[in-house]
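Q: To start, I am sharing the structure in question, which I have written as structure tokens.
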Amino acid sequence: MQEFRFDIILYYLPMLLRGTLLTIGISILSIILGSLLGLIVGFGRMSARAYFRLPAACYINFFRGTPLLVQILIVHFGVVPALVGHTDVMIAAVLSMTLNSAAYTAEIFRAGIQSVEKGQTEASLSLGMTHRQTMRYIILPQAIKRMVPAFGNEFIVLIKDSSLLTVIAAKELMYYANVMRGQYMRIWEPYLTAAIIYLILTYSLSKLLNWWERRISQFEQS
């Protein structure tokens, strides 16, 4: 077995960290945009009107039922050139991750909203509140508290799935790990380093999520 070379890791560490920052940036932007789109799709999925409900259901089923890798390639080579006239790695990266995330956050929103007792909706309507006011002031505040763990898990999944963006040469963490492997023809140093960085990111987020859940529980009990 070859000797493990820390000098290679130290040489590439600034580039790996730069790729890590891009990984985090794409994931944050995608979860924000995906949540906004997911809220719209989620409301469409719960609509009593078939012309809202059926397209939303098709959207969710397509993006949850097909591999993210395929979605990235379709967006990069098909959707983005049709929209802007040429391929653009960053637009394709954010758009593909956003569209995928929206399908999952739509279901998170739907499950969270439907978990709030229907009696609260009926009570607020009987007090003269409109459906919009009921949703804004009564249902969503309670539902969002229950959605926090699911949103945290979705963010963790996005960070890990962003490694697939290396197939379109997005300069995230795995891109530089592959460059490192190609230059030195070594496996352990680039991929083990990348794995450790991903582990640090996801473990830190999971601990932060656990802390936030405890804060919410303490707030509700007080």
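Q: So which chymotrypsin sites (Phe, Trp or Tyr not before Pro) in the stretch 1-52 are both in a DSSP loop and have at most 15 other Cβ atoms within 10 Å of their Cβ?
A: Taking the stretch 1-52 and a limit of 15 other Cβ atoms within 10 Å, the loop chymotrypsin sites (Phe, Trp or Tyr not before Pro) found are Phe4.
Q: Also: Does anything in the stretch 175-197 have its amide N under 18 Å from the 7 Å Cα→Cβ label point of Leu17, and if so which residues?
A: 175-177, 180, 190, 193-197
Q: If you don't mind, another one. Take peptides 26-39, 130-143 and line them up by average Cβ neighbours within 10 Å, highest first, as a rough protection proxy.
A: 26-39, 130-143
Q: What's the carbon and sulfur percent of the stretch 6-221's accessible surface, probe 1.4 angstrom, rounded to a whole number?
A: C and S fraction of accessible area: 68 percent.
Q: Give the accessible surface of the chain per residue, rounded to a whole number of Å², with probe radius 1.4 Å and ligands, DNA and RNA excluded.
A: Ligands and nucleic acids excluded, the figure is 58 Å² per residue.
Q: Averaging over every viewing direction, what projected area does the convex hull of the Cα atoms of the stretch 93-222 cover, in nm²?
A: Its average projected convex-hull area is 10.1 nm².
Q: Rounded to the nearest 500, what is the 222 nm mean residue ellipticity of the chain from helices alone, with -39500 (n - 2.57) per DSSP H run of 4+ residues and division by all residues?
A: Value at 222 nm, helices only, nearest 500: -26500 deg cm²/dmol.
Q: Could you sort the peptides 156-162, 173-179, 103-109 by per-residue average Cβ neighbour count (10 Å cutoff), highest mean leading?
A: Ranked from most to least packed, the peptides come out as 103-109, 173-179, 156-162.
Q: For the chain, evaluate the Debye formula with one uniform point scatterer on each Cα (no solvent term) and list log10 I(q)/I(0) at q = 0.09, 0.13, 0.14 Å⁻¹, rounded to two decimals.
A: For the chain at q = 0.09, 0.13, 0.14 Å⁻¹, log10 I(q)/I(0) is -0.48, -0.86, -0.95.
Q: Projecting each Cα onto the charge dipole of the stretch 6-221 (Lys/Arg +1, Asp/Glu -1 at the beta carbon, about the Cα centre), which of Leu199, Phe6, Tyr104 comes out farthest on the positive side?
A: It is Tyr104, whose Cα lies furthest towards the positive end.
Q: Taking 0.36 nm per residue of sequence separation and subtracting the Cα-Cα distance, how much length would be gained by fully extending the chain between Ile216 and Arg5, in nm to one decimal?
A: That pair, Ile216 and Arg5, stretches by 71.4 nm at full extension.
Q: Per 0.36 nm of contour for each residue apart, how much would the distance between Ile40 and Val79 grow if the chain were fully extended, relative to their Cα-Cα spacing?
A: 11.9 nm
The values are calculated or read from the model by the stated rules, or taken from the named source; none is laboratory data. Bear in mind that the values here come from a model prediction, so they are computed numbers and not experimental data. Ideal geometry is used to build each Cβ from the backbone, glycine not excepted, and the neighbour counts take in all protein chains shown. Ligands, DNA and RNA are stripped out before the accessible areas are found, and what is left, the full protein with its side chains, is counted by its heavy atoms. Shrake-Rupley method; radii C 1.70, N 1.55, O 1.52, S 1.80 Å.
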